[in-house]
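As structure tokens, the structure follows; a few thoughts come after it.
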Amino acid sequence: MNSKAKTSLHPLKHVAIIMDGNNRWAKQRGLSGIAGHRAGAERIRDLLPSARNLGVQTVSLFAFSSENWLRPPMEVRGLMSLFSTYLKKEAKLLRDDGIKLRVIGSKDRFSDRLNRQIKDAERLTESGELNLHLYVDYGGRWEIAQAAKKMAEHIEKGSLSSNDISADNIDSYFVDKSLSAPDLCIRTAGEQRISNFMLWQMAYAELYFTDCFWPDFDKNAFEHAVEAYYSRQRRFGTRSSGQENN
């Protein structure tokens, strides 16, 4: 695995994961939905050492979408409580493991307490080398709309011309302008769509879908996804050498 990574033209540096199937995993076991989400949160801890060992520099996890606010109120409250508990429980462990946490999303509907916890956890882990990005209260359309709004404001102020806008600089107005595009997007639980996650950034990401529910997505499952990535040929819209015109 590692030898492939070292010789690949496109080593795997950024993995994005849509963590799906927590509720179905819990239902199969006669457990509550929040128990499934709790098991899913535990899975994150197991994933990070494997990612680091395989040379991955950034792991982006879709934890709570803008649309998830429409779920039953009790489930939403449970998810917010679980998120708060995760931050309190994991922040020091992430720091000690050299992992830098960033929470990306609107955050407008979070409580003041939860927003303070987010800032404290980000500050505590800021020296980490492996990036862990949690996308919470996030949607790809929301992010693009926010970027468009910022560009419009700069045009109104005269600091930006419409002629200056191109596909090469729109992402500089995103929430995290320094974030590299994902090389691989993994979605668990059998669904085959990206569900409004990093729409702009995933233009050329390799997509990997698995029937495995997220709480069961262990080290072996992750390594299998990485093997699949290295078995593919990334062309970014061009042709590989020797390929016929088609």
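The values are calculated or read from the model by the stated rules, or taken from the named source; none is laboratory data. In this text the structure is predicted, and so the values were computed from the model without any measurement. Backbone-built Cβ (ideal geometry, glycine too); neighbour counts: all protein chains shown.
Pairs linking a residue in region 18-41 that is at pLDDT 95 or above to a residue that is part of a strand (DSSP E or B) and aromatic (Phe, Trp, Tyr), with Cβ atoms under 8 Å and 6 or more positions apart or on different chains, are 18/62; 19/62.
Among the residues of region 177-192, the ones that are within 17 Å of residue 64 (Cβ to Cβ) and loosely packed, with under 15 Cβ neighbours inside 10 Å come to 1 in all. For residue 96, the test of being among the charged types (D, E, K, R) and closer than 20 Å to residue 16 by Cα is failed.
Each residue in region 195-208 was checked for being closer than 20 Å to residue 147 by Cα and touching a Cys at 6+ places or on another chain (Cβ under 9 Å), and 3 pass.
The test for being under 24 Å from residue 181 (Cα atoms), of a type in the set (A, V, I, L, M, F, W, C), modelled with pLDDT of 95 or more and touching a Phe, Trp or Tyr at 6+ places or on another chain (Cβ under 9 Å) holds for residue 51.
Being under 21 Å from residue 197 (Cα atoms) and of a type in the set (A, V, I, L, M, F, W, C) is the filter here, so list the residues in region 91-129 that pass it. Within region 91-129, 101, 103, 104, 110, 118 qualify. In region 30-67, what count of residues is obtained for those that are touching a Gly at 6+ places or on another chain (Cβ under 7 Å) and assigned to a strand (DSSP E or B)? Total meeting the criteria: 1. Any residue at all in region 164-183 that's of a type outside the set (S, T, N, Q) and in contact with a Ser or Thr (Cβ under 8 Å, 6 or more places away or on another chain)? Taking every residue of region 164-183 in turn, at least one turns out to be of a type outside the set (S, T, N, Q) and in contact with a Ser or Thr (Cβ under 8 Å, 6 or more places away or on another chain). Among the candidates 160, 207, 101, 134, the residue that is out of contact with any Pro (no Cβ under 8 Å at 6 or more places or on another chain), free of Cβ contacts under 8 Å to residues at least 60 places away in the same chain and under 21 Å from residue 68 (Cβ atoms) is uniquely 101.
Results for (1) surrounded by 15 or more Cβ atoms within 10 Å (Cβ to Cβ); (2) in contact with a strand residue (DSSP E or B) (Cβ under 8 Å, 6 or more places away or on another chain); (3) of a type in the set (A, V, I, L, M), shown as yes or no for each residue.
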{"position": "84", "(1), (2), (3)": "yes, no, no"}
{"position": "88", "(1), (2), (3)": "no, no, no"}
{"position": "91", "(1), (2), (3)": "yes, yes, yes"}
{"position": "118", "(1), (2), (3)": "yes, yes, yes"}
{"position": "122", "(1), (2), (3)": "yes, yes, no"}
{"position": "133", "(1), (2), (3)": "yes, yes, no"}
{"position": "143", "(1), (2), (3)": "yes, no, no"}
{"position": "147", "(1), (2), (3)": "yes, no, yes"}
